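Accompanying notes for the structure given below.
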Amino acid sequence: MSLGRTRGVALQGIEGALVNVEADLVQGLPQVMFSGLPDAACRQAPDRIKAAAANSDVPIPNRRLTVNLSPASIPKVGSGWDLPIAIAVLAAAEAFPAWVVDEIVHVGELGLDGSIRPVCGVLPVVLTAARLGLHEIVVPAGNAAEASLVPGIMVVPAHHLRELVSRYQAIGRGEQPARATFDPAPRLQDVVQPDLRDVVGQDEGRLALEIAAAGGHHLFLSGPPGAGKTMLAERLPSLLPDLEPAQALEVTAIHSVLGALPKSGALIVRPPFVAPHHGASVPAIVGGGSSWIRPGAISKAHRGVLFLDEAPEFKPGVLQALRQPVESGEVVVARASGVVRYPARFQLVLAANPCPCGRGFGKGVDCSCSPRARRDYLGKLAGPLLDRVDLQLQVRAVSRAGLFAPTGETSAAVAARVAVARGLQSERLANTAWRLNGEVPGPMMRAGFLKLPAAATMDLERALERGILTLRGYDRVLKVAWTVTDLAGGGTPNRDDVGLALTLRAQGAVAA
């Protein structure tokens, strides 16, 4: 008996590290020794492997088996290690020459009948292998479509352990194995999004939505039930441009880790829309877990929209946990097993009724809530979280005149203006690390080539002096003012542009 070795990839977040999977079969009492920080699912692999190998007509000899996953300092999580361990063990058992699989990456779960089953997270595994210069990876046939999204690496889809062993035996004899084929999945995601023309009335809400889409700004909508807050939020993704290729791969990789890819394995090219239930826990929103730290809803919404409907109903801990990701564009989850970073650059949209009963609008004569209940309800959002939201709008109930008004513009028409405005921002910020007004740090808005003349900011400075705005709010109004100007054709914001941006933020202060 001899030593067998192949390659695997251990994921930490959506980043991967190359792992040498080594197996040694020697004379001795039949037992399995494992090293390399395997979790429970990985540690159970030998039982599945022995049954799968026996049912694939390549039984593993009854010997002392040692499996090492190196480097041993990185945790190995999940059943996706079944296939690389099985291949290393079979190489050690001389089922095929060991050199054949030395530089091939494997990932997949084994059934007891030898079938190779799909697993989550294949796309970031393939991305890691390609980045490290490896040329071939074997994946379950059910994951082949998503694996093929990565250029520059040969993807070998495998249905059964028996066919994979036959392939390696043929290579060992110097034969050219038949090229594995599979039906290519659609390369692009097919999504039907709701259209903005479905929204009745709400001219001010449509304007705020267009500004949010153009500059990448966060949005807070407060108003009575049935006014159209949810309809507006659901139509924000339809105003956003397609993801750039690198962004699309990053977003698709997150969905791959979550097991949330469409069955076709198509590349996600449209900004995602994620709307978690208000009963969601902090780990469900931010990410977490014990042995395996999963991404949460905010990472699933990366490069897209995170919508919190009935935001005051969310747990206070959930709302406060959003503060750091909203600012930094990433979330850091620390556990005893390690620290994992997930990207989380999303647009936050909050929606809230004016009070718990929802009738506290207008004169509020039908409202059954006490003044304290109304204050405490929206007070859950006030403070540090709401201060980070650029646009804060009161959505009013639709009137009879609004109901029968002419249909508004389509999403396509508004998206065309958004694309032009984003192009102007990209040109202006070409020599910086940012591409949208909403991403620019506050100090940059008050200095250098983005600094506005005093005549344009006098109302803003007065609001800061009176305590209506914090310094963070001051900076965010400046960002919105630049976006307003970009939507109008470009140039430098004037006093009217800043005034409109201030108005679209001050409404939230009144509501809260």
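The values are calculated or read from the model by the stated rules, or taken from the named source; none is laboratory data. Note that the structure is predicted; figures quoted are calculated from it, not measured. Glycine gets a Cβ as well: all are built from the backbone with ideal geometry, and neighbour counts include every protein chain shown. These accessible areas exclude ligands, DNA and RNA; they are computed on the full protein's heavy atoms, side chains included. Shrake-Rupley method; radii C 1.70, N 1.55, O 1.52, S 1.80 Å.
When Pro493 is tested against the conditions (1) open to solvent by 10 Å² or more (accessible area, probe 1.4 Å); (2) over 30 Å from Arg375 (Cβ atoms), the lone failure is (1).
Of the residues making up region 367-406, those that are assigned to a loop (DSSP other than H, G, I, E, B) and within 18 Å of Thr503 (Cα to Cα) are Ala382, Arg388, Val389, Asp390, Val395, Arg396.
Go through the residues of region 208-228 one by one and say whether even a single one is assigned to a helix (DSSP H, G or I), crowded, with 24+ Cβ neighbours inside 10 Å and hydroxyl-bearing (Ser, Thr, Tyr). Checked against the condition, which is being assigned to a helix (DSSP H, G or I), crowded, with 24+ Cβ neighbours inside 10 Å and hydroxyl-bearing (Ser, Thr, Tyr), region 208-228 yields no hits at all.
Confirm whether Leu134 is open to solvent by 30 Å² or more (accessible area, probe 1.4 Å), touching a residue at least 60 places away in the same chain (Cβ under 8 Å), touching a Lys or Arg at 6+ places or on another chain (Cβ under 8 Å) and assigned to a loop (DSSP other than H, G, I, E, B). Can you show your working first?
Values: open to solvent by 30 Å² or more (accessible area, probe 1.4 Å): no; touching a residue at least 60 places away in the same chain (Cβ under 8 Å): yes; touching a Lys or Arg at 6+ places or on another chain (Cβ under 8 Å): yes; assigned to a loop (DSSP other than H, G, I, E, B): yes.
Here the answer is no, as Leu134 does not meet what is asked.
If the condition is being open to solvent by 20 Å² or more (accessible area, probe 1.4 Å) and in a loop (DSSP other than H, G, I, E, B), then region 137-152 contributes Ser148, Pro151, Gly152. Among the residues of region 240-251, the ones that are more than 26 Å from Leu319 (Cα to Cα) and either touching a helix residue (DSSP H, G or I) at 6+ places or on another chain (Cβ under 6 Å) or not in a helix (DSSP H, G or I) (or both) come to 4 in all. Only one of the listed residues (Arg162, Arg173) is over 31 Å from the mean Cα position of the chain (by Cα), open to solvent by 60 Å² or more (accessible area, probe 1.4 Å) and at pLDDT 95 or above. That residue is Arg162. Would you confirm, using the coordinates I've provided, whether Leu500 is open to solvent by 20 Å² or more (accessible area, probe 1.4 Å) and either among the acidic types (Asp, Glu) or not in a loop (DSSP other than H, G, I, E, B) (or both)? Yes, satisfied.
How many of the residues making up region 338-373 are out of contact with any Leu (no Cβ under 6 Å at 6 or more places or on another chain) and open to solvent by less than 90 Å² (accessible area, probe 1.4 Å)? I'd like the intermediate steps shown before the answer.
Applying the first criterion (out of contact with any Leu (no Cβ under 6 Å at 6 or more places or on another chain)) to region 338-373 yields 338-345, 347, 352-373.
Those left that are additionally open to solvent by less than 90 Å² (accessible area, probe 1.4 Å): 338, 340, 342-345, 347, 352-358, 360, 362, 364, 367, 369-370, 373.
So the answer is 21.
Within region 240-248, is even one residue touching an Asp or Glu at 6+ places or on another chain (Cβ under 7 Å) and open to solvent by 20 Å² or more (accessible area, probe 1.4 Å)? No, there is no match, as no residue in region 240-248 is touching an Asp or Glu at 6+ places or on another chain (Cβ under 7 Å) and open to solvent by 20 Å² or more (accessible area, probe 1.4 Å).
For Ala413, indicate whether it is farther than 30 Å from Arg197 by Cα and free of Cβ contacts under 8 Å to residues at least 60 places away in the same chain.
no
For region 230-239, the count of residues that are in contact (Cβ under 8 Å) with a residue 24 or more places away in the chain, in a loop (DSSP other than H, G, I, E, B) and closer than 14 Å to Phe346 by Cβ is nonzero.
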